[in-house]
Structure formats: C-alpha cells, structure tokens
1. Out of the range 112-137, which residues are open to solvent by less than 50 Å² (accessible area, probe 1.4 Å), within 20 Å of Ile246 (Cα to Cα) and of a type in the set (Ser, Thr, Tyr)?
2. When only residues in the range 440-475 that are open to solvent by 20 Å² or more (accessible area, probe 1.4 Å) and of a type in the set (Gly, Ala, Ser) count, which is nearest to Ser505 (Cα to Cα)?
3. In the range 239-254, is there at least one residue being surrounded by 17 or more Cβ atoms within 10 Å (Cβ to Cβ) and touching a Phe, Trp or Tyr at 6+ places or on another chain (Cβ under 8 Å)?
4. Identify, please: which residue in the range 341-359 is among the charged types (D, E, K, R) and part of a helix (DSSP H, G or I) and is, among those, least open to solvent (accessible area, probe 1.4 Å)?
5. Pick out, from the range 1-84, the helices (runs of 4 or more DSSP H) lying fully within it that include 2 or more residues that are buried (at least 17 other Cβ atoms within 10 Å of the Cβ) and at pLDDT 70 or above.
6. Quick one: what pairs do we get from the range 257-278, first residue closer than 12 Å to Val292 by Cα, second at pLDDT below 95 and open to solvent by 40 Å² or more (accessible area, probe 1.4 Å), C-beta under 7 Å, 6+ apart or different chains?
7. Out of the range 373-421, which residues are out of contact with any Asp or Glu (no Cβ under 6 Å at 6 or more places or on another chain), open to solvent by less than 20 Å² (accessible area, probe 1.4 Å) and either aliphatic (A, V, I, L, M) or closer than 23 Å to Arg443 by Cβ (or both)?
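The values are calculated or read from the model by the stated rules, or taken from the named source; none is laboratory data. The structure displayed is predicted, hence computed values, not measured ones. Here the Cβ positions follow ideal geometry from the backbone for every residue, glycine too, while neighbour counts run over all protein chains shown. When the accessible area is computed, the model is the full protein with side chains, heavy atoms only, and any ligands, DNA or RNA have been set aside. Shrake-Rupley method; radii C 1.70, N 1.55, O 1.52, S 1.80 Å.
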Amino acid sequence: MEPESRKVGDQDHKFIDDKYSVEASENQANEALRLPITEAAPIYEQLLTVFPTAAKYWKQYVEAQMAVNNDDATKQIFSRRCYIRFIRKVNDKKGVEGQEETRKAFDFMLSYVGADIASGPVWMEYLTFLKSLPALNTQEESQRMTAVRKVYQKAIVTPTHHIEQLWKDYENFENSVSRQLAKGLLSEYQPKFNSARAVYRERKKYVDEIDWNMLAVPPNGSYKEELQWMAWRKLLAFEKGNPQRIDNGSSNKRIIFTYEQCLMYLYHYPDLWYDYAMWHAKSGSVDTAIKVFQRALKVLPDSEMLRYAYAELEESRGAIQLSWTYWFLIFKCATGFMKPTKKIYEGLLGDGINTSALAHIQFIRFLRRNEGVEAARKYFLEARKSPNCTYHVYVAYAMMAFCLDKDPKMAHNVFEAGLKRFMHEPVYILEYADFLTRLNDDRNIRALFERALSSLPSEESVEVWKRFTIFEQTYGDLASMLKVEQRKKAALTGAGEEGPSSLESSLQDVASRYSFMDLWPCSSKDLDHLARQEVPLVKMLC
C-alpha cells in the first residue's frame, strides 16, 4: 500500500498548489475510487470543501460508504445532501413504519427537485414504490390508488424528459382502475399535459446548452465559461417569463430552483448571487434576500461589491420602516434598523489599519446619511490618521461638506489640510482647483497652481499645466494667458508629454486659445493639418 499512498500524496500536493484545478480534482476523484474507504474519505472531504456543490462528488462519496455498509457515515453525508437510495435501503427493513418514512422522504425530495427537467426517474421510482405497497383490504387499496393518482397528476404536468412516458403510464393506470372514470380524468388532464409538454420542448433548448459536468471554479474569463454564463442567464430569463402560466407561488418556486441550480455551477460569480438576492427583494421577500447575501458572502468573503449591495439593502429596509414611524419614535427605530448595516460597513473597515480609502469614503457617506454631520466629521478625523488614507478621502469629505452640508469654509479647510500631505498628487491639485473655481476664487486658484507647479517634477506636472493654461484662457486677460502658455512650454521641454518644442507661438496655440468646448475657430481638416505640422517641426528642432 505504500507506493499507492505516496502517489496519492503527490497528487495531494498538486491539489494544494492549485485547489481549483479541474484536472487535478478529477484525478483525485478517480484515485479515490480505487482506494479503501478509510483512505478515500479524506480525499472526498477535501474535494467537497473546494467544490461543495459538485453533485457527482457527493454521489461518488455516498455510494462508496454504502458499498461497505457504513450506515453511520452515510447518514452523516445524508444530513448534508438528500439521497433517496440510502433512505430506501434503511427503511426497507422497518415494515409499515419504514414505508411511511420512505414516502415522506420521496415527498421531501420531490418538493425540492421535482421540477427539475431530469427528475422523471425520481417520479417513476416513487410511483413504483407506491404501487408496491401492500393493501390488506379494500380501504387500503383505495388509499393506495388515490396516492398513486395524485403523484401521477403532479408528474404529468411537470416538464421533464420523461413526460411522454409518464403520460402513457398514467393512461394505463387509470384505464386499469376504471375505464369510465379514466375517460373523465384523462380528458381533464390532457390539456395540462399538452401545455407541460410544450414547455418541456422549449425548456430543453436552453437546458441542452448547459454543461452539467462543469465544476464550480472561480471565473477566469475563458470562452467556455462565458458560454455557460450566457446559457444560465437565458434559462433564468425563460423561467421568469412563467412559460407554463402557473400560479405565482409555483412560478416563484420554479425560479428559485433554477437559481439554486445555477449557483451549483456558477458558485463563485458575484453577479448571479446579487441577481438572486435582488429578485427576492423585488418579489417582496426581503428577509430571504438578506439570507442570500449572507450565503454569498460566506462563499465570496472578499467581494466588496456584494458587501455594499448587502449594506444597501439593509439600509433601504431601515428607511422603509422609518417612513411608517411617528416622529417621536424615529431615533429609536433608526438605531435598531441601522445596526445590521453598520455592522456590514464595519466589516469592510476591518481592523482600521488595512482599511481601503474607498471603505473610509463609503462609511463616511453612510454616517452622513443616517447619523448626521457630526458623526461623519468624527469618523473623517479618525480616518485621516490611517496609513491607507489617500487624497480620495479628503476630496470626498470636502465635497460632501460643500455640497451636502453647505459649508464651503469647512470644505476649504479640508482641502488645505490635505494639501500638506498630497501636494505631490496632480489629481488632488486639480480637484482642489475645481472646488475653488466653483467658489469663483480666482486669486486662490492661481496661488494653488503656482504652489503646486513649484514643487511637482516636470514629468508629473503636465496635467496641472494644461489646467492652468485652460483657466487663464477662460478667465484671464491676454497678457496672463500668453505668459502661462510660454511658461508651460519652457517647463515641459523634454518632459515627455510635449518633448522639445519651440518657445515661439504657433497657429495651433491660437486655435487652442480661441476654442470653447467642442467649438473651434477652424475646420477639422485644418486641425488635422496643424497636428501633422507639429511632428516634422519637433524632428527639425531635435
């Protein structure tokens, strides 16, 4: 056994290196088939930890345990996944009590998977089981026939691969009981069967595009994955259209089943978890939507998108409740309803040391919406101490103070405080300049540009020079306009953006000075000509 074990160990190492490797996983599963169950069980557990929705691995695992009559282990697996064969095996020895347990197990199983297009064999097995039950008297025989009839009548209106066979079996069943009664019942159910069969044929077109052997791996952008994603999207859209025209409850159950099926294969796709949750929310089941988000975040704990979506739903739920509350209860309700949302944001903030700038910004906005100006200000003062606090946090808080709190003085102070840390960030300079422009503070705008350009390296100052030039072209006099253009040319000579250039004015400079938005003092043909002239001029000067 030693060489065999060594071989498994080598493959195990490969599995750890790339736990989502489909090839390595299939090799592991095939190897487990050849091993004693004591050695195979850890392999199955490892596989199912990585691929918890892989039905084929669950089936292989439970069948391996059943093959050696390991009922305790089989029960433990069964508690994690429904498996009808084991239920029948255990209950066959228990007589009437066991038969009832088996019947309940079939009903339970079909309530979950009975709508599956491939569930025909399960319906047929259940019917065979019911027909096999002993009937000691006329009453028991009547009860058995009624139970069989009810299952048939559910099966023949369920669009499955076996719907034609089930209808034929149902016809034979009713005719064997009573030809007179059969005529009326078959006439009643024929249109329902025809409708289900038509839906089956349409559904099959979508189902046939799906790879049912695909393992749930994180998306890597492959063409095959894209096709599968599209195939599931089409099937979901088809189900949402309620093609069978059944009642809303049954239709919703069908849609839920399809989403759950889809997530067995596209388990690591955040957009599908989001769609599933929001479908529940739009259907009025917000509590269920919350549970879907919670499941999604266990699968994808690092997905900030899902966390924000989850927080948004919790926050909106709080707002809905508040709208129905008297004013003197508002504070008490707000505290209660916003706690879940705040916890989600606190999860995004983490330990505070490694918190991203975006998480800081979104939490400040959340606090401003729900706890007011002071709460947002206090958190900003803390956030700016974080080593990961970038200029984005300053810009976001300053503009919130300006636009929402109507406090330009506070906004100005925040921008000035940020300038001490982020004078080397051209984007921050431009955001500050935009803010000052909205204040119509041309004196401080010029001062800001001068301060920034005196400290920025020439290769990083290109965009700031461009904005300074546009500002003077828009708001300055002719002298200041020409002066800034000349300074820009001198500063950027050899800076990489414009390369060596003449300090003399060109016609292209004139076109730029006298343009506005998409309006130019020349034709597009002239512009192209001027642009082409710049290239040989630069070469000549070099």
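1. Ser119
2. Step by step, filter the range 440-475, then rank; the result is Ser458.
3. The answer is no, given that none of the residues of the range 239-254 is surrounded by 17 or more Cβ atoms within 10 Å (Cβ to Cβ) and touching a Phe, Trp or Tyr at 6+ places or on another chain (Cβ under 8 Å).
4. Only one residue fits best here, namely Lys342.
5. Details: elements: 2-17, 22-33, 37-50, 55-67, 71-78.
Because the criterion is at least 2 residues that are buried (at least 17 other Cβ atoms within 10 Å of the Cβ) and at pLDDT 70 or above, the helices (runs of 4 or more DSSP H) in the range 1-84 that meet it are 22-33, 37-50, 55-67.
6. As it stands, the answer is Pro270/Met305, since those pairs meet every condition given.
7. Ala376, Ala383, Val393, Tyr394, Ala398, Met400, Ala411, Val414, Phe415, Gly418, Leu419
Here is a yes/no grid of residues against (1) modelled with pLDDT of 95 or more; (2) within 24 Å of Ala115 (Cβ to Cβ); (3) among the basic types (Lys, Arg):
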site	(1), (2), (3)
Leu166	yes, yes, no
Ser178	no, no, no
Lys183	no, no, yes
Tyr200	yes, yes, no
Lys204	yes, yes, yes
Pro218	no, no, no
Ser222	no, no, no
